[in-house]
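Take a look at the structure set out below.
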Amino acid sequence: MKYLFQILLLLGYSLAFSDVANAQSKKQEAAAIRYAKAILVSNLEKDMPKMRFDLWFKHLAGSGMKITWEVNDCGEQTGTSADKGRDFPMCVEAIADSLDVHIAVGVMVGTFKRGISGKPIVRGLTLNFEGEEAEPVESLRDLDKKMRTQTGR
């Protein structure tokens, strides 16, 4: 009975610690998303407008597209032992989807261990139109141009 009590006590501590770690992770993610949304697009790429990233992305996507924001590792985890102990980059990804278009822009805002730090950097651009091959996109300007061409805006 004594051992059962100790096991249950340890299990309780583990669950409480897990809840605290999860809450801290959610706070870090929320802060990273708030930070990324407020970045001026001109700070991400030369000759782009001095406009908040979230407003620029919403304008790029246009009305009718659902926009979601997520925090990820910029696609760097391999799932192998090489990942052990690494401080992975932290990217905030803006994703816009409709029935026929998918747009995603990833912005590195720091690392998971250090938090928000350093100059934000665009780390991934995706543009897919239903029924067509994925469009190669090299820059935010290129993404904007391709969207204007495809949508006539």
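The values are calculated or read from the model by the stated rules, or taken from the named source; none is laboratory data. Since the structure is predicted, the reported quantities are computational estimates derived from the model, not experimental observations. With ideal geometry, Cβ positions are generated from the backbone for all residues, glycine too; neighbour counts draw on all protein chains shown.
In the range 49-72 there is at least one residue matching the filter, namely being over 13 Å from Leu140 (Cβ atoms), hydroxyl-bearing (Ser, Thr, Tyr) and loosely packed, with under 10 Cβ neighbours inside 10 Å. The combined condition, being touching a residue at least 12 places away in the same chain (Cβ under 8 Å) and in a loop (DSSP other than H, G, I, E, B), is not fulfilled by Cys91. What about Met108, is it farther than 16 Å from Met147 by Cβ, touching a Ser or Thr at 6+ places or on another chain (Cβ under 6 Å) and in a strand (DSSP E or B)? Judged against the criteria, Met108 is not a match.
Yes or no, residue by residue, for (1) touching a residue at least 24 places away in the same chain (Cβ under 8 Å); (2) part of a strand (DSSP E or B); (3) not aromatic (Phe, Trp, Tyr):
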{"residue": "Lys37", "(1), (2), (3)": "yes, no, yes"}
{"residue": "Ser42", "(1), (2), (3)": "no, no, yes"}
{"residue": "Asp54", "(1), (2), (3)": "yes, no, yes"}
{"residue": "His59", "(1), (2), (3)": "no, no, yes"}
{"residue": "Ile95", "(1), (2), (3)": "yes, yes, yes"}
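Of the residues making up the range 139-152, at least one is in contact with an Asp or Glu (Cβ under 8 Å, 6 or more places away or on another chain), modelled with pLDDT of 95 or more and not in a helix (DSSP H, G or I). Applying the selection to the range 125-150, what residues are of a type in the set (Lys, Arg) and in contact (Cβ under 8 Å) with a residue 12 or more places away in the chain? Matches in the range 125-150: Arg141, Lys146.
One residue is enough: does the range 110-124 have a residue meeting the conditions hydrophobic (A, V, I, L, M, F, W, C) and free of Cβ contacts under 8 Å to residues at least 60 places away in the same chain? Looking through the range 110-124, none of the residues is hydrophobic (A, V, I, L, M, F, W, C) and free of Cβ contacts under 8 Å to residues at least 60 places away in the same chain.
Annotation note: Cβ proximity below 7 Å between a residue of the range 71-87 that is closer than 10 Å to Phe112 by Cβ and a residue that is surrounded by 14 or more Cβ atoms within 10 Å (Cβ to Cβ) and of a type in the set (Phe, Trp, Tyr) (sequence gap 6+ or interchain) occurs for Asp73/Phe88; Asp87/Phe112.
Evaluated against (1) among the hydrophobic types (A, V, I, L, M, F, W, C); (2) in contact with a Phe, Trp or Tyr (Cβ under 6 Å, 6 or more places away or on another chain); (3) within 23 Å of Lys27 (Cβ to Cβ), Cys74 falls short on exactly one condition, (2).
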